[in-house]
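Below: one structure, written as structure tokens.
We did not get these values from a lab; they are worked out from the coordinates using the rules stated. From a predicted model like this one, the values you see are computed outputs, not experimental measurements.
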Amino acid sequence: MPKQKQKTKKSAAKRFKVTKTGKVLHRQKGIRHLRAKKSKRRIRRMKQMKEVFGKYKKKILKMLGLK
């Protein structure tokens, strides 16, 4: 009996991006609402993707079917 392929978790695929070098990136929280009280600098920095580290990174890669 052949081994089954692992399915990609679609919710994870929409939220995370894996770069060519193997970094896992995600969007930062807190940018969708209550922006008036946040500084322009803070909002600008929230727009940038942030890297995921540690055990959480391994779990995400597993959800994406990469490890």
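Bridgeable lysines around Lys20 (alpha carbons under 17 Å apart, same-chain partners fewer than 8 residues away excluded): Lys50, Lys57, Lys58, Lys62, Lys67.
Scalar couplings 3J(HN,Hα) for segment 56-63, obtained by applying the Karplus form with A = 6.51, B = -1.76, C = 1.60 to θ = phi - 60°, are 4, 4, 5, 5, 5, 4, 5, 5 Hz; x denotes Gly and Pro. Rounded to the nearest Hz, the phi-derived 3J(HN,Hα) couplings of segment 34-43 under the Karplus curve 6.51 cos²θ - 1.76 cosθ + 1.60 (θ = phi - 60°) are 6, 7, 4, 8, 8, 5, 4, 4, 5, 5, where x marks glycine and proline. Calculated mean residue ellipticity, 222 nm, the chain: -9000 deg cm²/dmol, from DSSP H runs (n ≥ 4) at -39500 (n - 2.57) each, averaged per residue and rounded to 500.
Would you calculate the convex hull of the Cα atoms in the chain and tell me its volume per residue in Å³?
Considering the Cα atoms of the chain, their hull volume per residue is 104 Å³.
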